[in-house]
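Structure first, commentary second.
The values are calculated or read from the model by the stated rules, or taken from the named source; none is laboratory data. All values reported here derive from a predicted model rather than from experimental measurement. Cβ placement follows ideal geometry from the backbone for every residue including glycine, while neighbour counts extend to all protein chains displayed.
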Amino acid sequence: MGSEKGRSMTEKKIKIMGKKWKVIFMTEKEDKEGVLYKADGICDDSIRTIYLRDYYHRKREPTDCDDSDHIMRRNIRHEILHAYLDECGLKEDSASANAWARNEEMVDWIANLLPRVNKTLKKMKVI
Ligand SMILES: [Zn+2]
């Protein structure tokens, strides 16, 4: 677990469906505007930015999960999947079907399944 002292937020640039996105990792202390209030991640398609709670560099709380890497990887997959759904236009289209593309359980389900699907697709040499 790292320290928050003397560090600044980490920012990465990625491409989602050919569009430039930013991924910003921040601790609670660094989240001065409260962007991640009561959330571990936010996908803001209006500015193509994903904000993620930085569990690697925050001060450890007694109730924290021991495996920060597991939490971070899960949260990153989840928010990236939101970004893909936003960029491919399913966000708007899903409103006519109870906004299924914004459904948290559905996004979690796909995000958790993605590594397995990827492994299967690689094994089948179809990606
Ligand atoms: Zn979500």
Members of the range 99-111 that are within 12 Å of the ligand (Cβ to nearest atom) and in a helix (DSSP H, G or I): 101, 102, 104, 105, 106, 107, 108, 109, 110, 111
Residues located in the range 112-127, provided they are basic (Lys, Arg) and not in a helix (DSSP H, G or I): 125
Of the criteria (1) surrounded by fewer than 18 Cβ atoms within 10 Å (Cβ to Cβ); (2) within 16 Å of the ligand (Cβ to nearest atom), which one residue 79 fails: (1)
Cross-chain or 6+ apart pairs with Cβ under 7 Å, the range 92-108 first and of a type in the set (Val, Ile, Thr), then at pLDDT 70 or above: 107/78; 107/81; 107/82
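Taking the range 12-50 only, how many residues are in contact with a helix residue (DSSP H, G or I) (Cβ under 7 Å, 6 or more places away or on another chain), of a type in the set (A, V, I, L, M) and in a loop (DSSP other than H, G, I, E, B)? Spell out the reasoning first.
Restricting attention to the range 12-50, the residues satisfying the condition of being in contact with a helix residue (DSSP H, G or I) (Cβ under 7 Å, 6 or more places away or on another chain) are 16-17, 19, 21, 40-41, 43, 45, 50.
Those still in the list that are of a type in the set (A, V, I, L, M) too: 16-17, 50.
Filter once more, so that each one left must be in a loop (DSSP other than H, G, I, E, B): 17.
Number satisfying all stated conditions: 1.
On the given criteria, is residue 6 at pLDDT 90 or above and of a type in the set (Gly, Ala, Ser)?
Details: at pLDDT 90 or above: no; of a type in the set (Gly, Ala, Ser): yes.
Judged against the criteria, residue 6 is not a match.
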